[in-house]
1. When the residues of the stretch 33-46 are narrowed to those that are modelled with pLDDT of 95 or more and touching a helix residue (DSSP H, G or I) at 6+ places or on another chain (Cβ under 8 Å), which ends up farthest from residue 212 (Cα to Cα)?
2. Looking at the stretch 87-131 only, could you name the residues that are farther than 25 Å from residue 173 by Cα and within 14 Å of the chain's Cα centre (by Cα)?
3. Return yes or no: is residue 59 out of contact with any strand residue (DSSP E or B) (no Cβ under 6 Å at 6 or more places or on another chain), within 30 Å of residue 189 (Cα to Cα) and modelled with pLDDT of 95 or more?
4. Residues of the stretch 10-63 being over 15 Å from the mean Cα position of the chain (by Cα), free of Cβ contacts under 8 Å to residues at least 60 places away in the same chain and within 12 Å of the ligand (Cβ to nearest atom), which ones?
5. Is it the case that the stretch 168-183 has a residue that's within 9 Å of the ligand (Cβ to nearest atom), in a helix (DSSP H, G or I) and crowded, with 18+ Cβ neighbours inside 10 Å?
6. Within the stretch 109-116, identify whether any single residue is surrounded by 15 or more Cβ atoms within 10 Å (Cβ to Cβ) and closer than 23 Å to residue 159 by Cα, and answer yes or no.
7. What are the residues in the stretch 123-148 that are more than 21 Å from residue 158 (Cα to Cα), exposed (fewer than 15 other Cβ atoms within 10 Å of the Cβ) and modelled with pLDDT of 95 or more, if any?
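The values are calculated or read from the model by the stated rules, or taken from the named source; none is laboratory data. Keep in mind it's a predicted model, so treat the numbers as computed, not measured. Here Cβ is always computed from backbone atoms with ideal geometry, including for glycine, and neighbour counts include all displayed protein chains.
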Ligand code: ATP
C-alpha cells in the first residue's frame with residue numbers, strides 16, 4: 001500500500017489552531033504522515049488578505065516549526081494569477097503519478113461551498129476530499145443534486161483512502177474548534193486577547209509586525 005499524501009489549502013490570514021489541531025487529529029485517525037500546507041494567492045478581484053504573502057508564509061513557518069507533520073508548499077503563493085485548487089491538484093497528480101493516493105483537506109464550511117469551486121468535479125478525479133468538522137455549519141448540502149454528489153463519493157472507511165488514488169469523500173470525526181481568522185482579526189483590532197486561538201510564536205509575530213490593528 002502506498003502512503004496517502006494530503007494537501008491543505010487556505011488563506012491563513014493568520015494561521016490558527018482551528019487549522020492545525022483538527023488536521024493533527026485527522027492525521028492520527030487515518031494514518032497520514034505528512035500534510036502539505038499550501039497558502040493561496042488571492043486573486044485581485046477578491047478581498048485581499050490583510051497580511052502580505054510574505055507575512056502569511058512567515059506565520060505558517062512559525063506555526064509548523066515544531067510540527068514535523070506539516071510542510072509548506074509555496075506554488076500558489078508565488079503565482080500572481082488566480083490559483084484554482086483543481087489546477088493545482090492536476091499538476092500535483094501528474095508529478096505523483098496515476099496510482100499514488102492523494103487527498104485535499106477542507107473544513108466543513110468549505111464542503112458546503114465546494115460545488116461553487118472552479119471545475120470542482122475534476123478535484124475528485126485527482127484527489128480524495130478529507131473534511132474536518134467546524135462548528136456552526138450543517139453536514140448536508142443545500143441542493144439535493146449536491147447532496148447526491150456527496151453521497152456518491154462518501155466513504156466511512158479510512159482504508160478506502162489508502163487503496164484508491166482519488167475519488168472519495170471522508171467526513172472525519174474531528175473535534176470542533178470555534179476559531180476563525182476573521183474572529184482573530186476582529187479581536188486584535190479591538191485590542192482583545194487571542195492567546196488560546198493560535199501559537200504564541202505567531203501571535204508575537206503579529207504584534208511585532210503591527211498586523212490586524214486597523
Ligand atoms: P477567514 O475567517 O479569513 O475566512 P478561516 O479561518 O476560515 O479564514 P481559511 O484560511 O480561509 O481560514 O481556511 C482554510 C481551510 O481551513 C478551509 O478549508 C477551512 O474550512 C478550514 N478551517 C478554518 N478554520 C477551521 C476550523 N475552526 N475548523 C475546521 N476547519 C477550519
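1. Per the criteria, the residue is 35.
2. Initially, the stretch 87-131 is screened for residues farther than 25 Å from residue 173 by Cα, giving 87-88, 90-99, 118-119, 122.
Passing the criteria: only 88.
3. Working: out of contact with any strand residue (DSSP E or B) (no Cβ under 6 Å at 6 or more places or on another chain): yes; within 30 Å of residue 189 (Cα to Cα): yes; modelled with pLDDT of 95 or more: yes.
Taking the combined requirement at face value, the residue satisfies it.
4. 46, 47, 48, 49
5. Among the residues of the stretch 168-183, at least one is within 9 Å of the ligand (Cβ to nearest atom), in a helix (DSSP H, G or I) and crowded, with 18+ Cβ neighbours inside 10 Å, which makes the answer yes.
6. Yes: the stretch 109-116 contains one or more residues that are surrounded by 15 or more Cβ atoms within 10 Å (Cβ to Cβ) and closer than 23 Å to residue 159 by Cα.
7. 143, 144, 145
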